[in-house]
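A.B. asks: Handing you this structure, nothing more for now.
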Amino acid sequence: MTHSALTPGSESYPDPAVQILDPRFLKYRVTNAAVERLATGTRWGEGPVWFGDGRFLLWSDIPNNRIMRWDDESGAVSVFRKPSGFANGNTRDRQGRLVTCEHGGRRVTRTEYNGALTVLIDRFDGRRLNSPNDVVVKSDDSIWFTDPPFGILSNYEGYKADAELPTNVYRLDPETGQAEVVAGDMINPNGLCFSPDERRLYIVESGVQPRRIRVYDVEDGRRLVNGRIFVEGGEHDAPDGFRCDTDGNLWAGWGTGSGRNGVMVFAPDGTAIGRIALPERCANLCFGGAARNRLFMAAGQSLYALYVNAEGA
């Protein structure tokens, strides 16, 4: 599979898919860069993570029970791991190892340098996790992840089962291996990411209508306080996974039935400043490339990319 222009209109510059909603977004648009489709053929793409040392990107194809790999040098697409445990969200720890949320085993795992899998957590208070969804690693090596039930609702993205725990957000301590609930007040938490200074944690709440993005202050580096609504979606809006750039803007995967599929970009004050239109719902994204200025977007059946004048935090 090779990259291609997204639509017939995207051969023109600036790409009309990159929409300015607020003048603040003008500085982040590269006027002669267009949205590109890098790969297609997934059933539900998720969890992109960039490996700069190897110049490749990994992302999950949950229903097909595999993690895919896209090579920056050749554009080649291959299967990185199958079965993947119905992998969903991915990130890297501070030692460069892959950390993955797996629906199938209802666990969070780490891939060691030799390829071996280490189970970091699969239970809390003696009960099985639901289906870990998305994960981030803080600068103190702690692992924060969300645990909604999406992977156990049917046999499509995991194995149908009953939930044993509330839909919590957890912090896993790197020294003790012990987990604690940092947010238990949300229905089906989903994507999450820290602000560049790690003083805020953004979390999608998927179990309310409309979906919304909540933000918490991080106290003492390990507790969440002052939870509040950061952005509330419209009637059909579905924010999903997201990342912050170095200026603190939130680039959020977005899906809807009303023609707003793609990515929404929010300033730190919650104002929508930009939008990247895609023909599919975008589940998650990450920054990558040599200068961390290429936005990789995992959508339903395809992987997209766009060069921007922003760097991932």
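A.B. asks: Amide H neighbours of ARG81 under 5 Å, counting only residues 5+ apart in sequence or on other chains, H built in-plane at 1.01 Å?
C.D. replies: Answer set, sorted by chain and number: ILE67.
A.B. asks: Still on this structure, please answer the following. Rolling a 1.4 angstrom probe over the protein heavy atoms, how many square angstrom per residue are accessible across the chain?
C.D. replies: Details: 12520 Å² over 313 residues.
Result: 40 Å² per residue.
A.B. asks: Right, here's the next one. Amide H neighbours of GLU311 under 5 Å, at least 5 residues apart or on other chains, H built in the peptide plane: list them.
C.D. replies: The answer is THR246, ASP247.
A.B. asks: Right, next: For the chain, give the percent of accessible area contributed by carbon and sulfur heavy atoms, probe 1.4 Å, rounded to a whole number. Mind dumping the intermediate values first?
C.D. replies: Numbers: 5800 of 12520 Å².
Percent of accessible area from carbon and sulfur atoms in the chain: 46.
A.B. asks: Still on this model: Taking a point 7 angstrom from the Cα of ASP197 along the C-beta vector, which residues in the stretch 266-295 have backbone N less than 17 Å away?
C.D. replies: Backbone N within reach: 267-270.
A.B. asks: Where a Cα-Cα gap under 29 Å defines reach, which lysines qualify for LYS82, not counting those fewer than 8 residues away within the same chain?
C.D. replies: Once the sequence-local lysines are set aside, what remains near LYS82 is LYS138, LYS160.
A.B. asks: Also, I was wondering about something else. Give the accessible area for SER12 in Å² (nearest 10); use a 1.4 Å probe, count only protein heavy atoms, and leave out ligands, DNA and RNA.
C.D. replies: In the full protein context, SER12 sits at about 60 Å².
A.B. asks: Right, something else. Order of 243-250, 180-187 by packing, highest average Cβ count within 10 Å first? Could the numbers behind the result be given before it?
C.D. replies: On the way: 243-250: 19.4, 180-187: 16.2.
Going by the mean number of other Cβ atoms within 10 Å, highest first, we get 243-250, 180-187.
A.B. asks: List the pair-distance distribution P(r) of the stretch 155-313, using every Cα-Cα distance, as the percent of pairs falling in each 5 Å bin from 0 up to the bin containing the longest distance, rounded to whole percents.
C.D. replies: Result returned by the calculation: 2, 9, 17, 20, 20, 16, 11, 5, 1, 0.
A.B. asks: Here's another thing I want to ask about it. Near the amide H of ILE273, under 5 Å away, which other amide H atoms are found, from residues 5 or more places off or on another chain, if H is placed in the peptide plane?
C.D. replies: Those qualifying (amide H under 5 Å, at least 5 residues apart or on another chain) are VAL265, PHE266, ALA267.
A.B. asks: To continue, here is another question. Based on the Cα atoms of the stretch 1-123, what semi-axes does the equivalent ellipsoid have, where each is the square root of 5 times one gyration tensor eigenvalue, given in whole Å with the largest first?
C.D. replies: Values: eigenvalues 201, 53, 41 Å².
Those come to 32, 16, 14 Å.
A.B. asks: Normalise the Cα radius of gyration of the stretch 168-213 by 2.2 N^0.38 Å (N = residues in it) and let me know the number.
C.D. replies: Values: Rg = 12.0 Å, N = 46, 2.2 N^0.38 = 9.4 Å.
This ratio for the stretch 168-213 stands at 1.28.
A.B. asks: Return the inverse of the average 1/r over all pairs of distinct C-alpha atoms in the stretch 246-313, which is the Kirkwood hydrodynamic radius, in Å to one decimal.
C.D. replies: 12.1 Å
A.B. asks: Find how many whole Å separate the alpha carbon centroid of the stretch 78-151 from the alpha carbon centroid of the stretch 154-192.
C.D. replies: About 11 Å separates the Cα centre of the stretch 154-192 from the one of the stretch 78-151.
A.B. asks: PRE reach from GLU175 (point 7 Å along Cα→Cβ): which of the stretch 219-248 fall under 14 Å by backbone N?
C.D. replies: 221-222
The values are calculated or read from the model by the stated rules, or taken from the named source; none is laboratory data. Since we're looking at a predicted model, the values are computed, not measured. For neighbour counting, all protein chains shown are included, and Cβ atoms are generated from backbone atoms with ideal geometry for every residue, glycine included. Surface accessibility is based on the protein's heavy atoms, side chains included, excluding ligands, DNA and RNA. Shrake-Rupley method; radii C 1.70, N 1.55, O 1.52, S 1.80 Å.
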